[in-house]
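Below: the structure, in structure tokens.
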Amino acid sequence: MPNRRNTHTLVFAALVAIGAGCTSTGGEGDVEVSLRDDAVTLTPATADAGSVTFAATNDGSVTHEIEVFSGDVDPATLPIENNVASTDGLELIDEIEDITPGASADLTIELDAGTYVVMCNLPGHFEEGMHAVLEVA
């Protein structure tokens, strides 16, 4: 029969093991970003105003980036110039460059309520569908 000290040690060890397996950042303002070669997927596609962490993972086969722009625009309507989207009229908030295949990177920024465009604007990538909209309330 185990004594009380051993029981507490086992319970503590189990809790540490469970916690070690957690990979989510757990914050309410977190947005998971999947960068595929033909899409940017945001989960969720909404966030509360304030500190928002974009947890980006390159699920594609080539290097990608994540750029966050402020602007109430349908990204599919942005004109293409020299194989990249023209971002005239949008304000670049922040970005992460050179996310290699299989790699992950986090970007935490303060966002006001509004509409944001999240994209990979490396040559040819935007045209393949690498853009999404984030609504911040």
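The values are calculated or read from the model by the stated rules, or taken from the named source; none is laboratory data. Small disclaimer: the values here were computed from a predicted structure and weren't measured. In this analysis, Cβ positions are derived from the backbone assuming ideal geometry, glycine residues included, and neighbour counts consider all displayed protein chains. Quick note on the areas: whole protein, heavy atoms, side chains included, nothing else; ligands and nucleic acids left out. Shrake-Rupley method; radii C 1.70, N 1.55, O 1.52, S 1.80 Å.
Would you mind listing the strands (runs of 3 or more DSSP E) fully within the range 24-101 where at least 3 residues are open to solvent by 50 Å² or more (accessible area, probe 1.4 Å)?
Of the strands (runs of 3 or more DSSP E) lying wholly inside the range 24-101, those with at least 3 residues that are open to solvent by 50 Å² or more (accessible area, probe 1.4 Å) span 91-99.
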Selection count, the range 94-125, where residues are touching a helix residue (DSSP H, G or I) at 6+ places or on another chain (Cβ under 8 Å) and of a type outside the set (A, V, I, L, M) | 1
Among the residues of the range 28-60, count how many are under 14 Å from LEU122 (Cα atoms) and out of contact with any strand residue (DSSP E or B) (no Cβ under 7 Å at 6 or more places or on another chain).
-> 4
Across the range 102-116, which residue is nearest to THR63 (Cα to Cα) among those that are surrounded by 12 or more Cβ atoms within 10 Å (Cβ to Cβ) and of a type in the set (A, V, I, L, M, F, W, C)?
-> ALA103
Sort through GLU81, GLU67 and tell me the only one that's of a type in the set (Asp, Glu) and without any contact (Cβ under 8 Å) to a residue 40 or more places away in the chain.
-> GLU81
Odd one out for THR87, checked against (1) within 13 Å of ASN121 (Cα to Cα); (2) hydroxyl-bearing (Ser, Thr, Tyr); (3) at pLDDT below 95 = (3)
